[in-house]
Amino acid sequence: MLVKSNKNLKWFLIGMLIMVLCGAGLYALQNWVILPSFVELEDELARKDLQRCLDAIRREGHHLGKLAGDWAIWDDSYRFMEDRNQEFIDSNLQWETLEKSTGVNLVYFCTSQGEIVWGEVYDSEQDGQVRLEELSPAFLNSSNYLIRHDSINSEHVGILLTSQGPLMVFSRPIVKSNGTGPSNGVFIMGRFLNRKILQTLAEQIHVRFTVQDLKQSAFSRDELELLTRLGDGAVTVIEKKDTFMTVFGAMQDIYGKPALLVTAHVPRDIMARGISMGRLASFSVLITITSVGLLLAFFLADYVFGMRRKTAYIEALIEERTLELKNAMAEADRIRAKAESANKAKSDFLANMSHELRTPLNGIIGMAEIAGNYSTDEEQRKLIGLITAEAGSLLRIINDILDLSKVESGKVELEEIPFDLRTMLHDVDMSLGKQARHKGLAFDINIPADLPTRLKGDPGRLRQVLINLIGNAMKFTHKGRISVTVAGTADEHKRVQLKFQVKDTGVGIPRDKLEIIFNRFTQADESTTRKYGGTGLGTTICREIVELMGGRISVESEVNKGTIFRFTTVLLLQDPATEVVPAVEEIYSGMEILIIDENAVNRNIIDEYLKNKGCRTAWAADYRTAVSLLTVPSAPPRPFDLIITDRRIGDVTGFDLALELRAFDDLRHIPIAMLTSVGNLGDGKRCKEVGIRCYLTRPVGPDDLYNAVQLLMDCARKDNFDSVGGLITKHTIAETFRKKAQILLVEDYPVNQQVVKMHLNGAGYQVDLAENGRQAVEAFAKDGYDLILMDVQMPVLDGFGATREIRILESAVQAQDKHSKRTPIIAMTAHAVKGYHQTCLEAGMDDYITKPFKRAELLAMVAKWMGLHPSNGKRNSAAEAPQAADPADLSAEPMDLACALKEFMGKRDLLLKTLRHFLEAGRAQIETIQKALVDGNAPVIRQEAHKIKGGAANLTAHRLARCAHELEKAAAAGDLGHAVAAMDDFKLEFKALEDHIAGEGRS
Amino acid sequence: MRRINVLCVDDDAVSLNKMTAIMEELGDCQQSGTGKEAVAAFFKWMEAGHVFDLVTLDISLPDMEGIDVLRILRKIETDKGIAADKRAKIIMVTSHADKGRVLASLKAGCNDYIVKPFDVNILIEKIEKFGF
């Protein structure tokens, strides 16, 4: 707005300037164009006035002449001249009368020779007779102009300057009345040009003038000369005053010499009028312009202000709208955030609750298992089995719920791993089919021979759906048949659309319930729950998963006739060229394993372990079934690759089975592993005798089992059981892996060192420690390792540098020994930012694990690269042994108050005071670090992080200490990107600690 | 063991309080957060006619290195003509146990060395070895 007003001001000033210029112009016009013409007019008029004066005076002369003519052309005068009679004079020349009547002051009768016959000058104003020198006899002679006449009619008239004032004279020859001559003398008549006459004249001609002797004027000699030169009547000098002008003119006398100065005073009316006219004109023009200007200015201003108001209004409106919009968006954001957090809260809650529920359940199952294993009472074992079964059911329900919530909230990601559909279906046939047949139902799975079955997808989820549907079918079918069909073709894009169908002859689903069957927690009938059990989630999960897989699920049913569930899914064909399955995987995938155990729980445990590796399992609970499974040809063309049996199978033992199998050619080579809860002396020998190559005492953890199977299959293939002393036992495994398992742990943070070492040792690996990259390279140079776990950020030499050097060493060694293998190097990093994997690979590493990591993740990674177990740890959570609390375990508390209290010698108050101070200082330090992050001030960050680390560690807040350590390391390396990420973690941990303390404070 | 006078020196409040908590079990404890404070406290105590039996000295302090404080304390004791067996027992507290540092501190006159995080019992053992 300010700018606009300046512009307006500019325009206003310009307007003013224009007006001033106009005024000036007008003034100029007035003075130099209009007025001069007035001046000229004035001058002219003035001159004319003067002329009139001069003319008036001259007229006097003529007037006089006329009078004189009367006298001069008169017989009486003629006679007088001859006789000079007195009578003439007395009768005519009585001055009082004469002057009064004629105003004549001078009468002279002269002879032609100039002799004065009679002459007198009389002026009443001058008190009578006046003597004039100029008309003295001496003066008047025949050569005098006044006397000399050429003819009888010549007249001489003019002014005569006398000592008594100017005189108008007239002279002519005296002649007879009839005008005939000869002349008898000269008659001269004169009149004084006195004031009275002049005044009369002035009044007559309306011009004020004075007459004076030129010689007595104020003119200089030069001026006089000028005037003289210009002749009679010349008007040259004009003096101008404001209101009147003075015009000078000269008159000659009768002798032709300049005699009189006539001064006329002429008022300057014209000028005055002209000026006033001009003023009026200018004024009116000015007024007009001003008014017009003001009017324009007014309108302009009005317009401008109007515009401004409008603009302001619009702007205000815009702001209002913008604000509204902002508010609306903020509101929308808030609502979204709320919804998101609500959603998150729901997911978290579910996740937490499920975790909370599963943990004790796992405990129950575990304990029950142990109790079962150590119980010799048959009855007790049966009861415990039931407990376990029920717990297992409950667990499944909880898993279902969690699964569903995960799938619904989109947290489930499908795998894309290669698998064989045929294998999977066979597996289903084996397990569920068996149960169905056991129930007296017919069960078949139909796979067309031309169906492409080597596919890529998520076999686990697919199996889940199938098992669910088939399970339902089995639940609701009491007689008849359950058949599963699959069909499909591949298209040109290597996609296979599969159509599955699960058909049963069961109780069916009423029409009105068909629509809601896929809804949560609904079952066909309320009474179904009572009769058949279940959560009603199964079909819902199926739908979610099927849809996640890009398919559709539908149901068709008729009460008491049966039900058909159909679903489609889209999978990809395996790409034979690029699918490089590591040799390790092949051990398990497609392996057919027979599990023989009376105890269902035991069986299930082993079954789970193996199925997680992608094996196909079959089981038998008694001897006869086992043997028949082994001997009777069945759907899979291949026999079993492995038998895992319990020591006791009903009344007989595994040894008996082994012996019997030896009789069969095609069965004797199958490796057998025996599991037992109680080891008996002599079992080992017995095993060797009967050809059982593996003997494991329970509890058998998954790792043990995997190791055993690995070793067993390995030795079986190579047929070198001697290398393991003829029998694989836990001891052998431990030894074998201890001998071979050499891991180099490169880590600088002491707590981390301890933790990781503990994990690895617990899993049976032997671990060497290096504190920095330099030490790592030196250690590697000295000994070989099977695996190196390399922390990335370390002093002296960091992980990348060490890796590079190690690879260089390796290539040197490889040049000499072609069989030397590449040592896998796993990076342990605090954060995986984008592209980090690439960075690790480029540096020569093989893989990476992000800190903080759980024991299971670590071991899985190690196992993967140790070439022993293909990692697939995600599904194993239920089977994991309960973990010992270690100081840096994530699931531990942010701070162990009991421990800290001990370290503070039981001084609770001191501890709490120290804690409070630490947290207070910590908050301030967080601010400092934040600011330093913004400023890019790495040394400050490092310093503060270091301080906090020390304090936290001292207070047993190890999680926080570890975060501080990461932050410190990142800052020390100048890596602000990592520092920012580490700071986020740190803040979370700090908050966790604060919350924890607050919680403890309350309790 | 008799009750001893201890001077605890550490710039980290938490460590300091922890050490104090431990030391208060053994006797009377004074705290210092910087090298200067430590030297001042030590000197004042001596001027008042007392002695510190034990000093736990953090190896790095904000204003000076622990080892410098160590030297100054020893110098004070030398100037006051304190006999070798009557001198304060100084334990350096550090987070690293590299050879260089250990040797340097011993050369500078400390009596023992403990690495953080330490086991309280080990610390107590070391102190008991001094034979108070």
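The values are calculated or read from the model by the stated rules, or taken from the named source; none is laboratory data. Note that this is a predicted model, so its numbers are computed, not measured. No Cβ is skipped: glycine too gets one built from the backbone with ideal geometry, and neighbour counts run over all protein chains shown. These area figures cover heavy atoms from the full protein model, side chains too; ligands, DNA and RNA do not enter into them. Shrake-Rupley method; radii C 1.70, N 1.55, O 1.52, S 1.80 Å.
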Exercise. Once the other residues with Cβ under 12 Å from the Cβ of B:GLU125 are scored (Lys, Arg +1; Asp, Glu -1), what is the net sum?
Worked result: -1
Exercise. Rg to Rh ratio, the stretch B:4-129, alpha-carbon atoms and Kirkwood radius?
Worked result: 0.92
Seminar exercise, completed: Computed for B with A: buried accessible area summed over both chains, 1.4 Å probe, rounded to 100 Å², at 1200
Exercise. Amide H to amide H under 5 Å from B:GLY27: which residues, 5+ apart in sequence or cross-chain, H placed 1.01 Å off N in plane?
Worked result: B:ILE4
For this session: Using a 1.4 angstrom probe on heavy atoms only, work out the carbon and sulfur share of the accessible area of chain A in %.
Result: 56
Exercise. So, counting K/R as plus one and D/E as minus one, what does the shell of residues with Cβ under 11 Å around A:ALA620 add up to?
Worked result: -1
For this session: Count, for each residue of A:909-916, the Cβ atoms from other chains sitting within 10 Å of its Cβ, then give me the mean as a whole number.
Result: 3
Exercise. Per residue in the stretch A:936-955, which ones lose no less than 40 Å² of accessible surface when going from chain alone to all protein chains (1.4 Å probe)?
Worked result: A:ASN954
Problem set entry | Average beta-carbon neighbours from other chains, 10 Å sphere, peptide B:8-17 | 6
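How shielded is B:119-126 by partner chains, expressed as the average number of their Cβ atoms within 10 Å of its Cβ atoms?
Going residue by residue through B:119-126 and averaging, the value is 1.
Grab the beta carbon distance between A:LYS215 and A:PHE283, set R0 = 51 Å, and tell me the FRET efficiency rounded to 0.05.
The calculated FRET efficiency here is 0.55.
In square nanometres and to one decimal, what's the mean projected area of the convex hull around the Cα atoms of the protein assembly as shown?
Spelled out: convex hull of the Cα atoms, projected over all directions, averaged, 105.4 nm².
From the helices alone, meaning DSSP H stretches of at least four residues, give me the mean residue ellipticity at 222 nm for the protein assembly as shown, per-run term -39500 (n - 2.57), in deg cm²/dmol to the nearest 500.
-17000 deg cm²/dmol, from helical runs alone.
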Exercise. How high is the relative contact order of chain A, in percent, with contacts defined as C-alpha pairs under 8 Å that are six or more residues apart?
Worked result: 5
Seminar exercise, completed: accessible surface per residue for chain A, probe 1.4 Å, DNA/RNA/ligands not counted, whole Å² -> 52
Exercise. Accessible surface of A:VAL627 in the full protein assembly, 1.4 angstrom probe, to the nearest 10 Å²?
Worked result: 10
Problem set entry | Per-residue ³J(HN,Hα) for the stretch B:83-92, Karplus 6.51 cos²θ - 1.76 cosθ + 1.60, θ = phi - 60°, Hz, x for Gly and Pro | 5, 4, 7, 9, 6, 5, 8, 10, 10, 7
Problem set entry | Calculated FRET value between A:VAL796 and A:ASP847, using beta carbons and R₀ = 25 Å, to 0.05 | 0.60
Exercise. For labels at A:ALA301 and A:THR631 in the simple 7 Å Cα→Cβ model, what's the distance in nm?
Worked result: 12.3
For this session: Compute the accessible area per residue over the stretch B:4-129, keeping the other protein chains in place, probe 1.4 Å, unit Å².
Result: 46
For this session: Loop sites only, by DSSP: take the trypsin sites (Lys or Arg not before Pro) in chain B that have at most 13 other C-beta atoms within 10 Å and name the longest stretch containing none of them.
Result: B:4-79
For this session: Leaving ligands, DNA and RNA out of it, report the carbon-plus-sulfur percent of the accessible area of the stretch B:4-129 at a 1.4 Å probe.
Result: 53
Exercise. Trypsin sites (Lys or Arg not before Pro) within the stretch A:600-709: which are DSSP loop residues with at most 16 other Cβ atoms inside 10 Å?
Worked result: A:ARG668
Exercise. A:ASP714 to A:GLU994: extension gain in nm, 0.36 nm per residue of separation minus the Cα-Cα distance?
Worked result: 95.5 nm
Exercise. Once both axes come from the Cα atoms, what is the angle between helix A:976-1002 and the longest principal axis of chain A, in degrees from 0 to 90, rounded to 10?
Worked result: 70
For this session: For the stretch B:58-132, just the Cα atoms, rotate onto the principal axes and tell me the three extents in Å, largest first.
Result: 35, 31, 21
Problem set entry | For B:ILE59, distant residues with modelled amide H under 5 Å away | B:VAL93
Seminar exercise, completed: Inverse of <1/r> over all distinct C-alpha pairs of the stretch A:259-354, i.e. the Kirkwood Rh in Å, gives 22.1
